[in-house]
Amino acid sequence: QYTQWRPDRFAGMAGYNPFAIQESLREIELGWKCGFRGVYLHAASFGLRLDDRRLYPLFACAEELRLPLLLPLGYSESGSGARLQLSDLAGVLADFPVLRLLAAPTGVLQQQDLDACTWCENLAA
């Protein structure tokens, strides 16, 4: 019963490694040509803030290809782990005004996370 590809229900997404920028950009473009519909970015797993310049090639590529970025949002249940700082996006969005962002709730959301989603018209949660 699960033998058909359902593009209306599933979407392929590329990943981005800020320490292998050129390779990542090639993979994003290849994914886009194959019908991928976005890019997943977990900047905290690389120890980076969202306004780190190593992410700017990704932002430029995603904006050019009109691919949204999926960003994890929230803490783990134990309260540990890095949390996406949406406040870091203000400068990024000034530099990339048509960049589309998707916040993916992961773990415990705080009110500041939800409030941040309202000020950013490029961000959907």
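Just checking, which of ALA44, ALA60 is free of Cβ contacts under 8 Å to residues at least 40 places away in the same chain, surrounded by fewer than 19 Cβ atoms within 10 Å (Cβ to Cβ), assigned to a helix (DSSP H, G or I) and among the small types (Gly, Ala, Ser)? Among ALA44, ALA60, only ALA60 is free of Cβ contacts under 8 Å to residues at least 40 places away in the same chain, surrounded by fewer than 19 Cβ atoms within 10 Å (Cβ to Cβ), assigned to a helix (DSSP H, G or I) and among the small types (Gly, Ala, Ser). The residue that is farthest from PRO72 (Cα to Cα), among those in segment 1-19 that are open to solvent by 30 Å² or more (accessible area, probe 1.4 Å) and modelled with pLDDT of 95 or more, is PHE19.
The values are calculated or read from the model by the stated rules, or taken from the named source; none is laboratory data. None of these values were measured; they are calculated from a predicted model. Glycine gets a Cβ as well: all are built from the backbone with ideal geometry, and neighbour counts include every protein chain shown. Side chains are part of the model used for accessible areas, which takes the heavy atoms of the whole protein and leaves out ligands, DNA and RNA. Shrake-Rupley method; radii C 1.70, N 1.55, O 1.52, S 1.80 Å.
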